[in-house]
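Here the structure comes first, spelled out in structure tokens, and everything after it is commentary.
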Protein chains: 2
Amino acid sequence: MPIRSCYNLPVKVCELGEFGLIDLLAGAVAESGGRASGQRVVLGIGDDAAAWKGEAHLELATTDTLVEGVHFTQDIGWYELGWKSLAANLSDIAAMGGVARYALVSLALPDHTEVDQVVDMYRGMARLAQEFEVAIVGGDTVSSPVVVINIAVMGSAVASQAILRRSAARSGDLVAVTGYLGSAAGGLEVLRRGLHLDYETGFFLRQAHFLPRPRLAEGQALVGRGVRAAIDISDGLVADLGQIAKASQVGARLWVDKVPLHPLLKQAFKEEALGLALSGGEDYELLFTAPEPVIAEVEGALSCPVTVVGDIIEGKAGQVELLDARGRSFPWQGRGWEHFAPA
Amino acid sequence: MPIRSCYNLPVKVCELGEFGLIDLLAGAVAESGGRASGQRVVLGIGDDAAAWKGEAHLELATTDTLVEGVHFTQDIGWYELGWKSLAANLSDIAAMGGVARYALVSLALPDHTEVDQVVDMYRGMARLAQEFEVAIVGGDTVSSPVVVINIAVMGSAVASQAILRRSAARSGDLVAVTGYLGSAAGGLEVLRRGLHLDYETGFFLRQAHFLPRPRLAEGQALVGRGVRAAIDISDGLVADLGQIAKASQVGARLWVDKVPLHPLLKQAFKEEALGLALSGGEDYELLFTAPEPVIAEVEGALSCPVTVVGDIIEGKAGQVELLDARGRSFPWQGRGWEHFAPA
């Protein structure tokens with residue numbers, strides 16, 4: 001039920017105050033966590049810090065910040081904004097092959113923000129948190145001229161203590177990705193250009209852009225089957241492959257004709273689809289490298305598509321070479337997303 | 001040495017780019033952590049998430065956000081801004097009686113921010129981190145119309161698994177504070193009013209405002225001596241005592257003549273000093289409650305002043321009654337800091 005003032009007007013956060021807002025949001029996330037993480041929480045929202053029973057495992061932590069006008073615009077609904085903010089962080093834990101357990105949510109909000117909107121955002125977050133058994137245990141709420149959402153997620157490695165690193169790619173490894181690429185960027189283009197597509201296509205692309213699903217189970221399956229190098233595709237396939245190659249001090253080749261494109265993306269964007277896949281960010285699929293026998297085993301073990309898209313070679317650290325179906329150099333000027341990018 | 005372009009102009013973050021900036025900042029924090037936390041770090045800045053060897057203790061996590069124009073203005077230097085941002089988080093861990101271990105730092109910065117300024121901010125942070133053996137293990141750097149700094153700090157309870165909670169105050173407890181109150185608010189007033197004070201006073205008050213020292217050792221000493229209820233004074237004495245009383249479902253009495261004021265604050269602000277202590281925030285001292293024998297033991301054990309300023313009573317949950325030296329109600333309309341506060 002929307003939160004209304006006695007005049008039936010939407011209530012603004014400046015009317016409720018910081019502490020009233022915190023009480024309200026604590027209620028909205030009470031259902032997050034599920035059994036696995038929830039039962040270990042000793043102190044959630046409302047004290048100076050959150051507290052939970054530790055494990056002797058390898059601990060993981062990651063954080064992401066989303067700024068209004070930079071990472072999102074008014075086009076996105078508040079529910080989707082909450083979902084997507086948390087999904088970006090869970091995806092970072094997925095890229096480590098870890099289990100996500102606890103989240104801190106910090107909101108910087110203009111005074112005129114409607115309380116209903118904030119609650120909707122928390123609902124989106126709590127829905128995803130519940131699905132992946134992540135407990136939202138605390139955070140911070142401050143006023144600000146623009147909306148800034150920061151989430152920190154803590155987790156742990158699976159029992160073996162093994163994790164997926166960006167720096168573990170080795171010459172001779174194959175490069176593979178989960179799922180399909182470019183769909184999130186396609187969804188963004190649909191909005192930007194105001195494209196009218198058939199219902200199924202529009203729904204699929206918007207879903208990919210607004211409600212991405214982090215590949216946590218897949219990351220854990222990868223680490224369990226011996227994969228050691230991975231990154232999540234948040235800045236674009238070429239850029240993120242470059243990150244792995246740079247961190248591992250190797251080069252990489254990308255076979256562009258192998259890049260997996262969803263049929264609905266190809267149908268909607270034709271020749272543009274490949275470009276969206278190469279440099280479009282926010283797919284939150286996993287990119288990983290491993291020797292061929294490991295990749296073969298992984299292909300059968302994951303419930304999502306796994307596609308080999310290239311290989312790792314000796315070469316200039318961080319350099320990604322794009323090749324077409326005949327092995328010729330594929331001309332490509334696109335790049336991934338970088339903040340403060342020099343013109 | 002300042003970072004300059006080939007024309008000897010300050011370099012802006014938009015010239016360096018996100019990844020260049022991250023590399024630079026990774027260098028600036030390389031010295032943080034010290035032995036205790038540093039040796040347990042498995043992955044620091046540069047992967048999808050930070051990783052460290054966990055402990056079977058109770059884990060703690062907290063986060064704080066500072067927004068330009070709301071929490072700070074251009075008056076503060078970048079070094080001090082970095083220090084203070086981290087100090088606020090460490091203080092939250094101190095208020096749990098815990099040990100701070102790892103920090104994630106998220107920066108949202110306008111494109112025109114000078115790289116030197118960002119490096120200075122990191123130096124301030126790294127200096128404090130080093131002193132308290134906190135390892136800065138990761139973060140996020142994004143562009144934004146205003147500066148927003150978010151820090152998340154992870155730590156753990158000392159071996160006993162005991163922590164200080166807001167909800168553990170009991171009727172009959174005495175209320176005590178560490179150090180002196182109002183000095184940080186005094187420093188802010190010096191700036192706001194452009195006051196000219198003697199060197200010693202000006203230095204002391206500015207230091208209190210810009211470079212607060214979190215009471216980590218003191219928090220650990222409190223928990224070790226049986227204290228169970230505490231909060232750090234970030235919103236003001238009256239407001240934060242109210243928070244403890246609310247969380248513990250009790251009332252509290254505050255004896256205003258007992259509130260510890262530093263001689264230099266009194267000298268500079270005369271009758272105004274008490275008001276600064278009652279409602280001025282950001283002192284980052286600890287406020288705690290315990291039965292009288294526990295307080296007596298604590299007084300001898302801490303290296304900083306400990307002052308009993310009130311007691312906990314049955315009564316309306318969260319209500320704080322202010323009493324003067326003769327036990328009469330002390331009229332006080334001031335309040336602590338609350339974001340989105342209703343007018």
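Computed from the coordinates by the stated procedures, all read-outs in this text should not be read as laboratory data. This structure is a prediction, so every number in the text was calculated from the model and none was measured. Note: ideal-geometry Cβ built from the backbone for every residue, glycine included; neighbour counts use all protein chains shown.
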Could you tell me which of A:Ala290, A:Pro305, A:Gly318 has its Cα farthest along the dipole of the range A:166-323 towards the positive end, charges placed at Cβ (Lys, Arg +1; Asp, Glu -1), taken about the Cα centre? A:Gly318
Any idea what the relative contact order of the range B:119-234 is, in percent, if you count C-alpha pairs under 8 Å spaced at least 6 apart? 31 percent
For B:Phe72, other-chain or 5+-apart residues with amide H closer than 5 Å (H placed, Pro excluded) are B:Val67
Take B:Gln267 and A:Ala296, extend 7 Å from each Cα along the Cα→Cβ direction, and tell me the distance between the two endpoints in nm. 8.2 nm
Where a Cα-Cα gap under 16 Å defines reach, which lysines qualify for B:Lys246, not counting those fewer than 8 residues away within the same chain? B:Lys316
Place a label point 7 angstrom from the Cα of B:Leu191 along the Cα-to-Cβ direction, then list the residues of the range B:73-99 whose backbone nitrogen is under 16 Å away. B:73-88
Return the sequence-ordered ³J(HN,Hα) values of the range B:58-67 in whole Hz as given by the Karplus equation 6.51 cos²θ - 1.76 cosθ + 1.60 applied to θ = phi - 60°, using x for Gly and Pro. 6, 8, 10, 8, 8, 8, 9, 10, 10, 10
Among B:Pro212, B:Val137, B:Ala247 - extreme Cα towards positive end, dipole of the range B:133-262, charges at beta-carbon: B:Ala247
How large is the translational diffusion coefficient of the range A:95-253 in µm² per second when you combine the Kirkwood radius over alpha carbon pairs with Stokes-Einstein at 10 °C and 1.306 mPa s? 87 µm²/s
Among the lysines, which fall within straight-line cross-link reach of A:Lys84, defined as a Cα-Cα distance under 26 Å, with same-chain neighbours fewer than 8 residues apart omitted? A:Lys12, A:Lys266
Go through the range A:115-132 residue by residue and turn each phi into a ³J(HN,Hα) via Karplus (6.51, -1.76, 1.60, θ = phi - 60°); whole Hz please, and just put x for glycine and proline. 4, 4, 5, 5, 5, 4, 4, 5, 5, x, 5, 5, 5, 5, 4, 5, 4, 9
Using alpha-carbon pairs under 8 Å, 6+ residues apart, how would you state the relative contact order of the range A:166-323 in percent? 46 percent
Report, in whole Å, the centroid distance computed from the Cα atoms of the range B:154-219 and the range A:296-311. 55 Å
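Do any trypsin sites (Lys or Arg not before Pro) in the range A:241-335 lie in a loop, going by DSSP, with at most 10 other beta-carbon atoms within 10 Å of their beta carbon, and if so which?
Those satisfying the criteria are A:Lys270, A:Arg326, A:Arg328.
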Where a label projected 7 Å from the Cα of A:Gln249 along Cα→Cβ would reach, residues of the range A:293-318 with amide N under 16 Å: A:313-318
On the principal axes of its Cα set, how long, how wide and how thick is the range A:166-323? Give whole Å, largest value first. 45, 31, 21
Would you mind working out the magnitude of the charge dipole of the range A:89-158 relative to its Cα centre, with +1 at each Lys and Arg C-beta and -1 at each Asp and Glu C-beta, to the nearest 20 Debye? 240 debye
Let me check against my output: what whole-number percent is the relative contact order of the range A:53-128, with C-alpha pairs under 8 Å and at least 6 apart? 46 percent
Return the loop-located GluC sites (Glu not before Pro) in the range B:229-302 (DSSP other than H, G, I, E, B) with at most 16 other Cβ atoms within 10 Å of their own Cβ; answer none if there are none. B:Glu271
Relative to the Cα centre, what is the charge dipole magnitude of the range B:228-316, using +1 at the beta carbon of each Lys and Arg, -1 at the beta carbon of each Asp and Glu, and rounding to the nearest 20 debye? 180 debye
Every other copy gets compared here: list the nm distances from the B:Gly226 label point (7 Å along Cα to Cβ) to its counterparts, shortest first, one decimal. 5.9
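Only Lys, Arg, Asp and Glu count, each charged at its Cβ (+1, +1, -1, -1), so figure out the dipole size of the range A:153-306 about its Cα centre, rounded to 20 debye.
Using only the charged Cβ atoms, the result is roughly 320 debye.
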Can you compute the modelled spin-label distance between B:Gln207 and B:Val308, with each label point 7 Å from Cα toward Cβ, in nm? 3.0 nm
Between copies, how close do the B:Gly77 label points come, placed 7 Å along Cα→Cβ, listed in nm from shortest? 5.0
For the range A:159-233 the GluC sites (Glu not before Pro) that pass both the DSSP coil test and the at-most-11 other-Cβ-within-10 Å test are none
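Using the scaling law 2.2 N^0.38 Å as the reference, what is the normalised Cα Rg of the range A:73-182?
So the range A:73-182 has a normalised radius of gyration of 1.27.
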